[in-house]
Amino acid sequence: MSIVTRGFRGRREPTAADLPPGQYLTRDFPVLQAGPTPSVRLDDWRFTIRTEAGAEQAWTWPQLLGLPSEKPTVDIHCVTKWSKLATSWQGVSLDTLLAAVDTAADYALVRSYGGYTTNLPLEDLLDGKAWVVYRYEGEDLPSAHGGPARLLVPHLYFWKSAKWVTGIDLRTEDEPGFWETLGYHNYGDPWREQRYTGD
Ligand SMILES: Nc1nc2c(c(=O)[nH]1)N[C@H]1C(S)=C(S)[C@@H](COP(=O)(O)O)O[C@H]1N2
Ligand SMILES: [Mo]
């Protein structure tokens, strides 16, 4: 499956008109992270969804690769104001991972190797809006960009796309993650320029 997002029509070159307010276009891929790059052996890698009732479903690396994958092409928007248009990825839709999970939760807290967290409403992970991706532009995802696997939630600012993702806690109540606790907006819609608390 291929997704063409808002603002990128067909094969023409993207322009600044495709950008959310306050963003500029970059062709590089900046690396942004709060701490060091954690190293995870693929033998030890797990992705675990824990429900509000405490039930856990976990996937090993071979199990993740064995799931049906998608190839989204999406625009990404960092709160530090760079945007990249039409980036291509490969990974597993959260719809696939959540299909067998029994939950009535409204919120998700995403967890990464290294301790990073970020929160979002569960519905923002559903209906083709989010993936656990392990390839970027046809190559294995580099560890600097979150490999072996990262979350990709391109309709929100890129801090929601947790690198080195290891799981999601489904929660009845919202709990702010790392940047959300430090004054960044709880939701982070780039088209509404929700950068900081109160925007
Ligand atoms: N685990 C983890 N994920 C993270 C971060 C982080 O510090 N740790 N930073 C976030 C921020 S602020 C951004 S802009 C993007 C940057 O992704 P990139 O380094 O691949 O450009 O990762 C997000 N995911
Ligand atoms: Mo960011």
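Step by step: first the residues of the stretch 88-100, then only those that are at pLDDT 95 or above and surrounded by fewer than 17 Cβ atoms within 10 Å (Cβ to Cβ), then the one that is nearest to P30 (Cα to Cα). Which residue is that?
Going through the qualifying residues, I end up with S88.
Looking for something over 29 Å from T60 (Cβ atoms), open to solvent by less than 20 Å² (accessible area, probe 1.4 Å) and among the small types (G, A, S) - is there at least one such residue anywhere in the stretch 129-145?
Checked the stretch 129-145: no residue is over 29 Å from T60 (Cβ atoms), open to solvent by less than 20 Å² (accessible area, probe 1.4 Å) and among the small types (G, A, S).
Consider the stretch 154-199. How many of its residues are open to solvent by less than 20 Å² (accessible area, probe 1.4 Å), more than 9 Å from ligand 1 (Cβ to nearest atom) and among the small types (G, A, S)?
The total comes to 3.
Here are the criteria: (1) open to solvent by 40 Å² or more (accessible area, probe 1.4 Å); (2) in contact with a Pro (Cβ under 7 Å, 6 or more places away or on another chain). Tell me which single one W82 does not satisfy.
(1)
The values are calculated or read from the model by the stated rules, or taken from the named source; none is laboratory data. Everything numeric here is computed off the predicted structure, so don't read it as measured data. Because the Cβ atoms are built from the backbone with ideal geometry, glycine has one as well, and the counts that use them run over all protein chains shown. The area values use the complete protein model at the heavy-atom level, side chains included, leaving out ligands, DNA and RNA. Shrake-Rupley method; radii C 1.70, N 1.55, O 1.52, S 1.80 Å.
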